[in-house]
Protein chains: 4
Amino acid sequence: MIFLMIQNWICDFSFDRLEKAGRLYHQVKLTKDVDDLFNDTKLDAIAVATPVSTHFDLAHKALSNDKHVWIEKPMTEKVEQGRALIDLASKKKKVIFVDHTFIYTGAVRKIKEIIDNGDLGDLMYYDSIRVNLGLFQQDVDVIWDLAAHDISIMDYLMPFKKFTVSATGSSFYGNGIVPKSLLTIYMENDVLGHINVSWISPVKIRQTLIGGTSKMVLYDDNNPSEKVKVYDKGVDLYETKEDLYRLKIQYRVGDMYAPKLEEIEALAVGTEHFADCILNGKKPMTDGRAGLEVVKVLVASKESLRKKGAPVDLDVNY
Amino acid sequence: MIFLMIQNWICDFSFDRLEKAGRLYHQVKLTKDVDDLFNDTKLDAIAVATPVSTHFDLAHKALSNDKHVWIEKPMTEKVEQGRALIDLASKKKKVIFVDHTFIYTGAVRKIKEIIDNGDLGDLMYYDSIRVNLGLFQQDVDVIWDLAAHDISIMDYLMPFKKFTVSATGSSFYGNGIVPKSLLTIYMENDVLGHINVSWISPVKIRQTLIGGTSKMVLYDDNNPSEKVKVYDKGVDLYETKEDLYRLKIQYRVGDMYAPKLEEIEALAVGTEHFADCILNGKKPMTDGRAGLEVVKVLVASKESLRKKGAPVDLDVNY
Amino acid sequence: MIFLMIQNWICDFSFDRLEKAGRLYHQVKLTKDVDDLFNDTKLDAIAVATPVSTHFDLAHKALSNDKHVWIEKPMTEKVEQGRALIDLASKKKKVIFVDHTFIYTGAVRKIKEIIDNGDLGDLMYYDSIRVNLGLFQQDVDVIWDLAAHDISIMDYLMPFKKFTVSATGSSFYGNGIVPKSLLTIYMENDVLGHINVSWISPVKIRQTLIGGTSKMVLYDDNNPSEKVKVYDKGVDLYETKEDLYRLKIQYRVGDMYAPKLEEIEALAVGTEHFADCILNGKKPMTDGRAGLEVVKVLVASKESLRKKGAPVDLDVNY
Amino acid sequence: MIFLMIQNWICDFSFDRLEKAGRLYHQVKLTKDVDDLFNDTKLDAIAVATPVSTHFDLAHKALSNDKHVWIEKPMTEKVEQGRALIDLASKKKKVIFVDHTFIYTGAVRKIKEIIDNGDLGDLMYYDSIRVNLGLFQQDVDVIWDLAAHDISIMDYLMPFKKFTVSATGSSFYGNGIVPKSLLTIYMENDVLGHINVSWISPVKIRQTLIGGTSKMVLYDDNNPSEKVKVYDKGVDLYETKEDLYRLKIQYRVGDMYAPKLEEIEALAVGTEHFADCILNGKKPMTDGRAGLEVVKVLVASKESLRKKGAPVDLDVNY
C-alpha cells in the first residue's frame, strides 16, 4: 500500500484506493501527485506510509519543503539516509516522528515506568519471541518487518549503547527471503538483546522477557487481561568466605503482580504526541535518533545474516 | 553429585552419599574405589553419572574392561574423546548408551512417529525455548546443560547433516559462566535449528516449534494434558503466470489435533531399552553416534560463543 | 438503548441517538413515532431492539401490520406472549426471527455439526460458565441477561424436551437484582443442563462442557485460536459376570482435536439468514419456537430463584 | 481401601495390603483385628481411613478407648453421628482431627490470611468448579467425594452460618449414582456458596472464585506457578442524589497480584498440626465442628438432590 495521509490531502498512486478514501473522508483533497502536498504551503506535516525504499526521498522532500514528517518504521533503508534526515530536520527545526507503534501502548509505557523506578535492579537482558503465521512479505526479510518492533521497544526500555549484532536464518523457499531469524545484540554493561522472529509459525506468540538483577518482567502481548507480569524472582551472587573465587547463586522466588494498564489505542496516543511535539516544540519519544538506532541494527543484521551469524559492529558514534 | 550406579555396586567419592544409598538399597555393594567395579568380572555394565570432565576416562576404562556403558549427557567434553569411545566400543562389541532422556518420552516418540509418517511434509526448522529459574551450575555454560537436550531431540527427530553453528550469549555475573544463550544450527537441505536456553528466566518455558511444509508441531512440555499439538497450517508457494519470479505465499489454516501420549516414565523406557540392546545385540536409539553429534555441536558452540556468534563449521565426516 | 432498526427507518425515543444515527446513515428516515413504521406499507420487516418489557407490544403490532419481525433475546417477558406472537405470525405467514446471536457463530455451528454426526454418542449434559465483570444491568436478573445465551445454545445443540428448572442466587447489593446464579434444567433422557452466570466475577470466563457417552466438547469462547476442542474421552460402563449389580467404570482417554472454525461475524450470518427466510419462505434456526423455549426457562427460573432452588415444572406441551 | 494407620500398628482386612505395608515399614505391628489397637494402652491416636459408613463406629470406639482420632473426610455419614463424636471427644478430652486436606495447603492458608487482613472487603460468594475424569466411585454420589473438599475450604475461609442447601444432578448411567452436581449454599449476610462437581468431564478443572466487595480471588489449583491471584476489581454501589432508589454500579478494574505460596506438602503440615494439638492441648483447624459442618451440608444436599433442587434447611443450632 502506497499512500500519504495528511490533514487535508490523501496521496496515493492507486486510483481505486483514492476513490475509496474519498468516500470515507468527505472533506479531504485527493491526488496521485505527491508534489501537490509539498507545494501546499498551508500544510504543516506529512505522514509517509510507503515502502521503506521510498522513505528517504519522500521524507527528505517533506523536510526540505518545511513540513514536519511522520515516517513508518523502519525510518530508512540505510544508516546514512537516517543521519541525513536527522541533520536536515535539525537544520529546518522540524519534527521527525518515527512510527514505532508499540512505544505508545499501555504495556510498554508501564514497563518503562517500572524500569525507571529502578524496580528491576540492573538490567541484564531483553529476550523476545514474535512469531506468527501472517502475511509473508515478498520484498524484505522478516527481520525488517517484525524485529524492527522489538529493537525499537528494547531501545526505548533499555537505552544502552549497542555494539555488535549477530543474526542467523535461512531462506526456506528458495526465493531469497528469510522468513525466520534469530538476532543477538551486544550492548554496553554486558546487556544482551535476543530476538526471535518468524512469519512461518503454526501459532502466534508475542512474548518478551526482561531480566533485571532484582525483578523480571514477562510481557505477553497475546494475554488480554495480564499483558505485563512483574516477578520478584532474581538471582543473587554470593562469595563464600572459604573460596572467594567460587560463586554461589541463590535464587529468590517471590510475589508476582500484574499492574493495570491504560487501554488507549497506541495510534491515538502517538498522533496526539506528534501534534504536541509540533505545537509545543517537544522531542518525540520516537524521534529520528530512535529511528536511526533501529536502522543501524537492521542494516548490521542483514550483513550478519549473509555471513551466518558473524558479528557485525555498529557505528556507535552518531 | 558424583556417583556410579550399577546392578550390584554403588561407587561414590562421598561417604555420606554411599551410606544413604546403602540404607535405600540393602543388597548393593558400596565402594569409593571405582576399580572395584572394573575388576568385577561378573559385572556387565556400568552407568557413568559424573561431571562431564570425567566421562571419557571412566567410560574408556569400563569399555576396556569389557563392560557395556551408560553415559550421562553430554557424552564427552571433546569430539576426539567421543570418537575414541565409539571406536573402542565397536572393537569390544559393547554398547554405548547416552542418556538423552527426552528421546524416551511419550511426547518425543509421538512426534517422531508423526514425522516418519510424512505428516509434516518437508522439514524446515526446529525452534526451541528452554528457560527456567533453576539451578545455576557453576562449572559449565547453560548450553552444555540445557541445549544438550534440544540438540539430542533435534538430531533424533531431524537426522540431517549439521554444517555450521552460531552461538551468542553473555556472562552477566562476571564469573565467566554464560547463563543465557541463543544457538543456531545450519543443516543440509536448508533446515535450521534455533535454540534459546537460559537459567535466569522468571518463568519456566519448555516450548518447541517444528515446522514442515505441510504441518507444524507445537511441543509444550509444560502443558500437562496437551503436550503435542499438530497444526494443519502450512505455507504454500505459488508462481503466477504473469511473473514467474514473483512468489505468492498463501497460508492454509486448518485443524489441530493433540494425540494421546504414552505416559511411561522416560527413565524406565530408557533402562529397559539399554538392557534390550545388551541382551539382544541391538543398537541404542541414543548410541555413541547420537552422543557424538551433541558433543560436536556443543564444542562448536563454545567456540562461536567466544567469537560473538561467528559461524563455526562442524566436522561432518565422522 | 431503545431503538428500532429498519431498512429505511430508524425509530428511537431519544433525539440525540436519532441525530447520531442520521449522521452515520445518510439515506435513512428518522422518527420518534413507531407508528410511522407500522404505517409504511412498503416496509417488509421491523427489528425490535428495545427493553424486553416492550417486545411483545412492538412485535405484535409489527406482525399485525404484516411485517416480518426480528426480536432481540429474550423474545418476550411472559410465556403467553411468546405463544401469542407465534400464533399471530403463523396466521399472518410472517417470519419471527429471535436474535440468539451465538447460534450463528462458527463455533456453535461446528459443534452442532459434530453432534449431528453422532460423534459424541448419546448426549448427557451441557455445563456452562459465563461470568464477567461487565455491565451490571439494573432492570433484570443476570439470568435474563446472560443465561439466555446458554439456554438458546443448549436448545439448539440438544433439542430435548425440558421438564424442570431449579435456580439459585442472591441479591448481594440489597437492590433486589440477582447478579450471580446457578441454573439446572432437567430434560428428557436424563439429559442435564447446568448454567453458571455472573456479572460480578474478577475475570471473564466463557466455558462450556458438552458431555456425550463417546466424546466430549470443551467450547471456550475466550480462546482465540482453539475455541472448540473435541476430546476422545468417554466413560464406559461394564457389568462383570460375577456381579451384575456392580458396575465398573472404565475411562478412555484418547486424542483431542480442535477443528477449524469459520470466522464470519455472527450478526452478518444472522441477518443474511433472516433475509433468506423472508425471501424464500424458510424457517429461521432461531424462530419463535426457539425464542419461546428460552422464555419458558427464564420465567420458570425466576420463580425457582424466589423459592431458593425449588423445582419448577415447564409446560412442555406447546 | 480399608486400613488404619497408627504410630506402631497397621490394621487392614486385606492380608495382601498388610504384607505390603510390612515390607515398607519394618518396625510396625500388623493386624487384621482392629481391637488390637483399641486394647493397646500405649497407643495415643488412631487414624481412621476407611469407607465413610464405618467412620462413626471406629472413631467412637477409638475415643471410648481414650485415643485421639484422625478421620478421613467426610467425618461421618449422619449429622447425629458427628454430634455424638464431638460430645464424646469433649467428655474424653481427646482430639478429633478431620482430614480436610486442602486447609493445610499453602494456597488456602494464603487466601485465609488475605481474607483475615480484610483485603477482600465484605465477602459475597464462594464459587468453585472441581471436575475431572477420574475414578468413578461406585458407592457414593460425586458430592460426597468432591464437594466435601469445597465445603470444607469454604467453611474455613468464610465461617458464616449456613442456612439452606439446594443441590441438583442426575444419574446418567442408570446405576443410581450421581456423577455430576450443582450445589448452592445460602449463608448468613446473604453470602452464597456455589459448587460444581463432576467425575465425567473431559478435562480437569479446579477453579474457585471468591468475591468480596473490595477485591476478588481466583484460586486455580491446576496453575503450577500462580495458584492464587488477587484482583483489585470490585463493585461499588452509589446512590445518586436525584434518585435515592436508583443504584448505579461502577466497576473498578485494577492491579492483580499473585502472592508467593509455601510449598510444604499439605499432609505433612496436617500431621504436624495433629501432633501439636495432641501434645499441647490445641484445637485443630479441622476439628469435629469443621467436620460436622461438612456432614450437615452433604446430608442436606442428598435430600435436595432427590427433590431436584428443593431447598433443605440446615440445623444451625449446634
If you restrict to DSSP beta bridges whose two residues both lie in the protein assembly as shown, what percentage is antiparallel, to the nearest 5? 75
Convex hull of Cα atoms in region D:33-120, direction-averaged projection (nm²): 7.3
Please report the spacing between the Cα centers of region B:48-104 and region D:113-171 in Å, no decimals. 56
Measuring from centroid to centroid over Cα atoms, what is the spacing of region B:174-193 and region D:204-226 in Å? 39
Name the long-range amide H neighbours of C:ILE46: under 5 Å, sequence gap of 5 or more, or other chain; modelled H, no Pro or chain starts. C:HIS68, C:VAL69, C:TRP70
Show me the three semi-axes of the equivalent ellipsoid for the protein assembly as shown, from the C-alpha gyration tensor (sqrt of 5 times each eigenvalue), largest first, rounded to whole Å. 52, 51, 29
Arranged from highest to lowest average of other beta-carbon atoms within 10 Å per residue, in what order do the peptides C:40-46, B:282-288 appear? B:282-288, C:40-46
Label-to-label distance, nm, for residues given as D:ARG306 and A:THR271 (7 Å Cα→Cβ offset): 6.9
If the elastic network links every pair of Cα atoms under 10 Å, which of A:VAL295, A:VAL131, A:VAL140 fluctuates the most in the Gaussian network model of chain A? A:VAL140
For region C:1-84, what log10 I(q)/I(0) values come out of the Debye formula at q = 0.22 1/Å, with one point per alpha carbon and no solvent? -1.02
Calculated [θ] (222 nm, deg cm²/dmol) that DSSP helices of n ≥ 4 give over the protein assembly as shown, each run adding -39,500 (n - 2.57): -9500 deg cm²/dmol
For chain B, alpha-carbon Rg relative to the globular expectation (2.2 N^0.38 Å, N residues): 1.09
I'd like to know how region C:259-318 sits against the 2.2 N^0.38 Å rule of thumb: what's its Cα Rg over that expected value? 1.62
What average count of beta carbons from other chains do you get within 10 Å of the Cβ of residues in A:255-263? 5
Counting partner chain Cβ atoms within 10 Å of every residue's Cβ in D:118-128, what's the average? 2
Find the relative contact order for chain B and round it to a whole percent, using C-alpha pairs within less than 8 Å whose residues are 6+ positions apart. 19
Quick query: amide H of D:ILE264 versus all other amide H atoms, modeled in the peptide plane; which residues come in under 5 Å with a sequence gap of 5 or more or a different chain? D:GLY106
Hey, can you rank A:167-173, A:147-153 by average C-beta count inside 10 Å, highest first? A:147-153, A:167-173
Percent antiparallel among DSSP beta bridges (both partners in region A:1-148, rounded to 5): 35
Please build a GNM for chain D, connecting alpha carbons under 10 Å apart, and tell me which residue among D:GLY193, D:GLY212, D:GLY121 fluctuates the most. D:GLY121
Can you give the net charge of the other residues whose Cβ lies under 15 Å from the Cβ of A:SER301, counting K and R as +1 and D and E as -1? +2
Region D:1-153: proportion of alpha-carbon pairs further apart than 19 angstrom, %: 62
Relative contact order of region A:1-90, please, whole-number percent, based on alpha carbon pairs below 8 angstrom and at least 6 residues apart. 25
Of all DSSP beta bridges located in chain A, what percent are antiparallel, nearest 5? 70
Would you grab the residues whose amide H sits under 5 Å from the one on C:LEU30? Only those 5+ places off in sequence or on another chain, please, with H modelled 1.01 Å from N. C:ILE10
Rounded to a whole number, what is D in µm²/s for region D:187-238 from Stokes-Einstein with the Kirkwood radius over alpha-carbon pairs (20 °C, 1.002 mPa s)? 163
Could you state the per residue volume, in Å³, of the convex hull enclosing the Cα atoms of region B:92-167? 170
Other residues with Cβ under 10 Å from the Cβ of B:THR50 give, with Lys and Arg +1 and Asp and Glu -1, a net charge of -3
Pick from C:SER181, C:SER198, C:SER225: which residue has the top mean-square fluctuation in a GNM of chain C where Cα pairs under 10 Å get a spring? C:SER225
Under 12 Å from the Cβ of A:LYS162, count the other residues' Cβ atoms, weight Lys and Arg +1, Asp and Glu -1, and hand me the total. -3
Taking every residue in A:201-210, how many Cβ atoms of other protein chains lie within 10 Å of its Cβ, on average? 6
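We did not get these values from a lab; they are worked out from the coordinates using the rules stated. All of these numbers come straight from a predicted model, not from anything done at the bench. Here Cβ is always computed from backbone atoms with ideal geometry, including for glycine, and neighbour counts include all displayed protein chains.
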